[in-house]
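The values are calculated or read from the model by the stated rules, or taken from the named source; none is laboratory data. Every value quoted in this text rests on a predicted model; they were computed, and no experiment measured them. As a convention, Cβ positions derive from the backbone with ideal geometry for all residues, glycine included, and neighbour counts pool all protein chains shown. Accessible surface is based on the protein model in full, side chains and every heavy atom, while ligands, DNA and RNA are left aside. Shrake-Rupley method; radii C 1.70, N 1.55, O 1.52, S 1.80 Å.
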Amino acid sequence: MTPDNIPDYPKSPSMGQMMHQPMLISSIIQHADRHFGGKEIVSRRVEGDIHRYTYRDCHKRARQMANALEKLGVRMGDRVATLAWNGYRHLELYYAISGSGAVLHTINPRLHPEQIAYIADHAEDSYVFFDLTFLDLVKSLAAHSKTVKGYIAMTDRHRMPAASGIPNLMCYEDLIENSSDRYAWPVFDENSASTLCYTSGTTGNPKGVLYSHRSTILHAYASSLPDALNVSGREVLMPVVPMFHVNAWGFPYSAALAGAKLVLPGPMLDGQSLHELIEQEGVTASAGVPTVWHGLLHYVERKSLGFKSFRRIIIGGSACPPAMMKSFREKHNVELLHTWGMTEMSPLGTVCTLQNHHMHLPQTEQEAILQKQGHVIYGVDMKIVDDAGNELPWDGRTCGNLLVRGPWVLESYFKNGDSEPAQLLQDGWLPTGDVATIDADGYMQITDRSKDVIKSGGEWIGSIELENVAMAHPAVQQAACIGVFHPKWDERPLLVVVKKADAEVTRDELIDSFAGKVAKWWTPDDVVFVDALPVGATGKILKNEIRNRLRHHRLPTI
Ligand code: AMP
């Protein structure tokens, strides 16, 4: 691939005179090789064993893979898909595909096979790389795909599936072995597309978010700052958030940029496997959605275990239950860092860390701040507005629709037409679909997704706050709050609860536990106990589905 579209900058006295070096993803792995070449990347393989090598090895194999892609005929801008867990081969593809000018399309394997087929077709993927776990998924994809020219199993020769029926099936390690590691990373416009990720969308077809090299690098820089995710060369980072979900929140880039040791947990995300890896590899920080941390907490408590080096969990994707934050801090000396973002934001928007003027506050007040979704990181701007688009005050009480803008925020969805920004954006701001408050210090707190807000007598009730109160009850494992029909108030809150194993609690006890914690009229009208809550492809509770299942629930207050 050759540089063919770098813009020529005018040389004039009004322009700065610094070098015009495009910000390209390949520069990150070159930097990691040159300056932290010996730092380790440790992966749990699909087979369950541990693989370890260095950033230098990763760079070498990424160059070999870039040569292999060229031989396969992959050109600048072509989409190349992955269906893979967090592992070293996936990391190599992050650099080989984007670095060579093609577009890495990470597919979420937890989506419905029909949605996967739709996505691969919409993206016009040219090749699909896959972990063997997803062999059946790939077989069904191959039966439908119109654009995919070949499939590459991310394994070595002796593990290749026999007679799979998959057309043009290749072996990853064969491609590496047969390719030279002499490869000069091409230089092109930093605004070129680098990565494509589809939103899981609970309704309608998933929509593609197309990141650029520039947006990815700016996001990696900003997310590494101390008051952001604090990524440094002293950390051992274990991204549990999948590399198929918004680029694992940028860690494959920020860890390499800072020279952090990387630990990639593969498919085994249960409490025991994560604890083993954390202890064996000296993991200092990890990141993922709350459900994963429930599993880990439950495991260490059941087995009366602790942590030697583990100090930080970066949590996002759904609201962090304060009770979990407290347990990790008080019992295990692990801090939970609350973050918020979305696929459309690469994903990081806010992080909750304290400022110096908070340091003298009593612990309970500090804890109350740390439960918020936090402060924007530099590069993102946010505001809350009413339904007519008027900006609302930052008083920590007024709820409004949350809007964002910034250089790593989506302007329009992939292949959705040029006219879309005008329809999608509000005066240049992206509506997030979240409802939030912002306090005088700029700390944002999500009260709901706009479609999940409970509307009672014309007033909004925030379901997240009710769920947090329920989760603080010692017998509650998981809770979700939805609005159900009420003839007088339109909607009233209904609490849906999964009890902890062997724990007992009644409906009335749970309802009583809200006394003094929320306004009286916010108290749920009823409780339904269930065995499990439905969870979507990115580990979030599917409230739509709960609403569907319970749409005929008759409240006792009617
Ligand atoms: P996704 O694009 O799948 O990452 O989903 C983005 C959405 O997840 C946001 O718009 C929020 O509704 C939700 N979300 C992300 N982080 C948080 C958080 N810390 N608290 C509450 N909701 C969150």
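Would you calculate the separation in nanometres between label points at Ala440 and Met19, each defined as 7 Å from the Cα along the Cα-to-beta-carbon direction?
Label at Ala440, label at Met19, 4.8 nm between them.
Treating the angle as unsigned and between 0 and 90°, give the value, to the nearest 10°, between the Cα long axis of helix 213-224 and the longest Cα principal axis of the chain.
Between helix and principal axis, roughly 50 degrees.
Beyond 27 Å between alpha-carbons counts as too far, so tell me which of Lys39/Lys540; Lys207/Lys540; Lys60/Lys540; Lys139/Lys500; Lys415/Lys455; Lys520/Lys543 fall in that bin.
As for pairs spanning more than 27 Å Cα to Cα, those are Lys39/Lys540; Lys60/Lys540; Lys139/Lys500; Lys415/Lys455.
Suppose every K and R has +1 on its Cβ and every D and E has -1 on its Cβ; what is the size of the dipole of the chain about the Cα centre, in Debye to the nearest 20?
900 debye
Please identify the longest segment of the chain free of exposed GluC sites (Glu not before Pro), where exposed means a DSSP state other than H, G, I, E or B and no more than 16 other Cβ atoms within 10 Å.
125-410
How many angstrom separate the Cα center of segment 462-541 from the Cα center of segment 207-263?
First find each Cα centre; the distance between them is then 34 Å.
Once you list every other residue whose beta carbon is under 9 Å from the beta carbon of Ser456, what net charge do they have if Lys and Arg are +1 and Asp and Glu are -1?
Within the 9 Å Cβ shell, the charges total -1.
Write down the Å³ per residue value for the convex hull defined by the alpha carbon atoms of segment 439-558.
129 Å³
Treating only the Cβ of Lys, Arg, Asp and Glu as charged (+1, +1, -1, -1), what charge dipole size does segment 485-558 show about its Cα centre? Round to the nearest 20 debye.
Value, rounded to 20: 320 debye.
Leaving ligands, DNA and RNA out of it, report the carbon-plus-sulfur percent of the accessible area of segment 452-549 at a 1.4 Å probe.
51 percent
For segment 184-252, what mean projected area does the convex hull of the alpha carbons give, in nm²?
6.6 nm²
Assuming 0.36 nm per residue, please report the length gained on full extension of the stretch Lys11 to Arg34 beyond their Cα-Cα distance.
5.1 nm
So how much slack lies between Ala515 and Leu225, counting 0.36 nm per residue of separation and subtracting their Cα-Cα distance, in nm?
Result: 100.4 nm gained on full extension.
With Cβ to Cβ distances under 13 Å as the rule, what net charge do the other residues near Leu229 carry (K, R +1; D, E -1)?
Once all neighbours under 13 Å are counted, the net charge is -2.
Tell me which residues come under 5 Å, amide H to amide H, from Tyr127 once H is placed; ignore anything under 5 positions away on its chain.
Ala81, Lys149
State the dimensionless ratio Rg/Rh of segment 21-212 (Rg: radius of gyration of Cα atoms; Rh: Kirkwood radius).
Rg/Rh for segment 21-212 comes to 0.95.
Place a +1 charge on the Cβ of each Lys and Arg in segment 21-212 and a -1 charge on the Cβ of each Asp and Glu, then give the dipole magnitude about the Cα centre in debye, rounded to the nearest 20.
Dipole of segment 21-212, to the nearest 20 debye: 180 debye.
How many angstrom lie between the Cα centre of segment 156-187 and the Cα centre of segment 413-456?
42 Å
Debye calculation, C-alpha points only, no solvent: report log10 I(q)/I(0) for the chain at q = 0.06 Å⁻¹, in the same order as the q values.
Here log10 of I(q) over I(0) equals -0.31.
Could you give me the percent of Cα pairs per 5 Å distance bin for segment 193-330, shortest bin first, beginning at zero and ending with the bin that holds the maximum distance?
In order of increasing distance, the bins hold 2, 9, 18, 21, 20, 15, 9, 4, 2, 0 percent.
What number comes out for accessible area per residue over the chain if the probe is 1.4 Å? Units Å², please.
Result: 43 Å² of accessible area for each residue.
Nearest 5 percent is fine: what portion of the DSSP beta bridges confined to segment 21-212 is antiparallel?
That works out to approximately 35 percent antiparallel.
Antiparallel as a % of all DSSP beta bridges within the chain, to the nearest 5?
Here the antiparallel bridges make up roughly 55 percent for the chain.
Between Glu279 and Met359, what is the label-to-label distance in nm when each label sits 7 Å out along the Cα-to-Cβ direction?
A separation of 3.5 nm, rounded to one decimal place.
Give the cross-link partners of Lys499 among the aspartates and glutamates, using a straight C-alpha distance below 19 Å as the criterion and excluding same-chain residues fewer than 8 apart.
Glu301, Glu465, Glu467, Asp508, Glu509, Asp512, Asp525, Asp526, Asp531
Rounded, prolate or oblate: which fits segment 291-361 when a ≥ b ≥ c are the square roots of the eigenvalues of the alpha-carbon gyration tensor, with rounded for a/c under 1.5 and prolate only if a/b beats b/c?
oblate
I'd like the orientation of helix 88-99 relative to the chain: the angle between its Cα long axis and the longest Cα principal axis, in ° from 0 to 90, rounded to 10.
It works out to around 70 degrees.
Enumerate the aspartates and glutamates that Lys146 could reach by cross-link, defined here as Cα to Cα under 12 Å, with residues fewer than 8 away along the same chain left out.
The reachable aspartates and glutamates, counting only those whose Cα sits under 12 Å from Lys146, are Asp121, Glu124, Asp125.
Multiply the residue gap between Asp49 and Arg182 by 0.36 nm, knock off their C-alpha separation, and tell me the result in nm, one decimal place.
44.9 nm
Under a Cβ-Cβ cut-off of 11 Å, what is the net charge of the residues other than Lys372 that fall near it, where Lys and Arg count +1 and Asp and Glu count -1?
With Lys, Arg at +1 and Asp, Glu at -1, the net is -3.
Describe numerically, in nm with one decimal, the distance between label points set 7 Å from Cα along Cα→Cβ at Trp460 and at Arg234.
In this crude label model, Trp460 to Arg234 measures out at 4.0 nm.
Out of the total accessible area of segment 21-212 (probe 1.4 Å, heavy atoms of protein only), what percent is carbon and sulfur?
Carbon and sulfur atoms account for 48 percent of the accessible area of segment 21-212.
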